[in-house]
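Undergrad: Got a structure for you, written out below as structure tokens; questions coming shortly.
The values are calculated or read from the model by the stated rules, or taken from the named source; none is laboratory data. As the structure is a prediction and not an experimental result, all values here were calculated from the model. With ideal geometry, Cβ positions are generated from the backbone for all residues, glycine too; neighbour counts draw on all protein chains shown.
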Amino acid sequence: MNWMRFVLITITGGVVTSLTDWFFAGDWLHRRFTYPEVWRKANESRAIALTSPLPFLTCGVFAYLCGILGLHSPTGAFKVALAIWLIGPLPLILTNAAFMKLHRVFVACYATGWLVKLALVALAVGWLMR
């Protein structure tokens with residue numbers, strides 16, 4: 001595995017997928033399709049600072065997994081991304097929505113955001129890990 005490309009995928013993917021998080025579950029949706037009583041009232045700066053590294057972790061681990069599995073094509077990486085989405089984020093989001101008060105628009109956008117995040121990093125792996 002080319003470690004410079006791995007670092008490039010992790011950093012670039014982390015930045016781009018942070019933007020997808022903001023787009024699919026960001027301020028516009030948060031203000032319109034969430035219930036105020038579900039969210040904490042405190043300053044969000046600490047929560048944002050604590051969770052900002054997580055997209056980089058997701059991209060780095062995904063790129064590493066594709067590297068050790070020998071997946072260097074966008075198609076192969078996308079299949080893994082879809083499998084990860086079906087195994088992890090989708091069931092977790094749907095289960096949370098079944099037991100917590102989450103608006104269906106927010107749930108749909110949040111689940112879609114995770115699929116797009118994984119698809120983007122899969123595209124980066126397929127493009128840069130050859």
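Undergrad: Does the range 50-66 hold any residues that are within 29 Å of F106 (Cα to Cα) and without any contact (Cβ under 8 Å) to a residue 60 or more places away in the chain, and which are they?
TA: L50, T51, S52, P53, L54, F56, L57, G60, V61, listed by residue number.
Undergrad: State all residues of the range 66-81 that are part of a helix (DSSP H, G or I), surrounded by fewer than 15 Cβ atoms within 10 Å (Cβ to Cβ) and not basic (K, R); if no residue qualifies, say none.
TA: I68, L69, T75
Undergrad: Just checking, which of L8, L19 is in contact with a helix residue (DSSP H, G or I) (Cβ under 7 Å, 6 or more places away or on another chain) and assigned to a helix (DSSP H, G or I)?
TA: L8
Undergrad: Please go through the range 67-91 and give me each residue that is within 23 Å of R5 (Cα to Cα) and without any contact (Cβ under 8 Å) to a residue 24 or more places away in the chain, ordered by number.
TA: Within the range 67-91, L69, G70, K79 qualify.
Undergrad: When you go through W39, W127, W85 one by one, which is the residue that is under 25 Å from G26 (Cα atoms), at pLDDT below 95 and not β-branched (V, I, T)?
TA: W39
Undergrad: Shifting gears a bit: Working only within the range 1-21, note down all residues that are surrounded by 12 or more Cβ atoms within 10 Å (Cβ to Cβ), modelled with pLDDT of 80 or more and hydrophobic (A, V, I, L, M, F, W, C).
TA: F6, V7, L8, I9, I11, V15, V16, L19, listed by residue number.
Undergrad: Within the range 92-130, which residues are in a helix (DSSP H, G or I), within 24 Å of V80 (Cβ to Cβ), in contact (Cβ under 8 Å) with a residue 40 or more places away in the chain and among the aliphatic types (A, V, I, L, M)?
TA: The answer is V116, L118, A119, L120, V121, A122, L123, A124, V125, L128.
Undergrad: Turning to a different aspect of this structure: Output the number of residues of the range 20-64 satisfying the condition of being among the aliphatic types (A, V, I, L, M) and more than 20 Å from the chain's Cα centre (by Cα).
TA: Residues that pass the stated criteria total 2.
Undergrad: Filter the range 22-62 down to the residues that are in a loop (DSSP other than H, G, I, E, B) and loosely packed, with under 13 Cβ neighbours inside 10 Å and list them by number.
TA: Y35, W39, R40, K41, A42, N43, E44, S52, P53
Undergrad: Quick one: count up the residues across the range 96-130 that are β-branched (V, I, T) and closer than 27 Å to Y64 by Cβ.
TA: Qualifying residue count for the region: 4.
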